[in-house]
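Working notes, structure below.
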Amino acid sequence: QVQLVESGGGLVQTGGSLRLSCAASGRALSNNAMGWFRQAPGKEREFVATIHGSGGITQYADSVKGRFTISRDNAKNMVYLQLNSLKPEDTAVYYCAASPGSWLTRSINNYDYWGQGTQVTVSS
């Protein structure tokens, strides 16, 4: 069984930065694609970014491209999401997720394991 725990969320002003971390335990996830999703109040959970098991390939939602960076450290079983140039519309609960395979996927349905989420609030 895989457990994912996110941390690093908080309150930040427009234009600020945060670094989210996702700690995985239970087994090594170096062969698994990892993803970040977010859910704002009253909205559906949406894709933010994903990274290949090797860490060499990434994809981003158009809304965060150029501002957010996903990375991973397989030796530590960690995944990160650097959030820069934050906007009020980035306010949401951010979730880390693990896919059963190494291929990149944007679909929520292709992720088996989820963390509990960490709140990011961007004030205007």
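Does the range 68-124 hold any residues that are of a type in the set (Phe, Trp, Tyr) and either surrounded by 14 or more Cβ atoms within 10 Å (Cβ to Cβ) or on the phi > 0 side of the Ramachandran plot (or both), and which are they?
Those that are of a type in the set (Phe, Trp, Tyr) and either surrounded by 14 or more Cβ atoms within 10 Å (Cβ to Cβ) or on the phi > 0 side of the Ramachandran plot (or both): Phe68, Tyr80, Tyr94, Tyr95, Tyr111, Tyr113, Trp114.
Only one of the numbered conditions (1) closer than 23 Å to Val5 by Cβ; (2) in contact with a strand residue (DSSP E or B) (Cβ under 8 Å, 6 or more places away or on another chain); (3) of a type outside the set (A, V, I, L, M, F, W, C) is not met by Gln59, and that is (1).
Looking at this structure, is Leu18 out of contact with any helix residue (DSSP H, G or I) (no Cβ under 8 Å at 6 or more places or on another chain), in contact (Cβ under 8 Å) with a residue 40 or more places away in the chain, buried (at least 18 other Cβ atoms within 10 Å of the Cβ) and under 17 Å from Gln116 (Cα atoms)? The answer is no for Leu18.
The residues on offer are Phe37, Phe47, and the sole one that is crowded, with 22+ Cβ neighbours inside 10 Å and among the aromatic types (Phe, Trp, Tyr) is Phe37. Would you mind telling me which numbered condition in (1) surrounded by fewer than 16 Cβ atoms within 10 Å (Cβ to Cβ); (2) touching a helix residue (DSSP H, G or I) at 6+ places or on another chain (Cβ under 6 Å); (3) polar (S, T, N, Q) Gln1 fails? Single failed check for Gln1: (2).
How many of the residues making up the range 1-58 are over 20 Å from Trp103 (Cβ atoms), of a type outside the set (Ser, Thr, Tyr) and touching a Ser or Thr at 6+ places or on another chain (Cβ under 7 Å)? Of the residues in the range 1-58, 9 are over 20 Å from Trp103 (Cβ atoms), of a type outside the set (Ser, Thr, Tyr) and touching a Ser or Thr at 6+ places or on another chain (Cβ under 7 Å).
Values in this text are rule-based calculations from the coordinates and carry no lab data. Note that the coordinates shown come from a computational prediction; the quantities given were computed from them, not determined experimentally. Glycine gets a Cβ as well: all are built from the backbone with ideal geometry, and neighbour counts include every protein chain shown.
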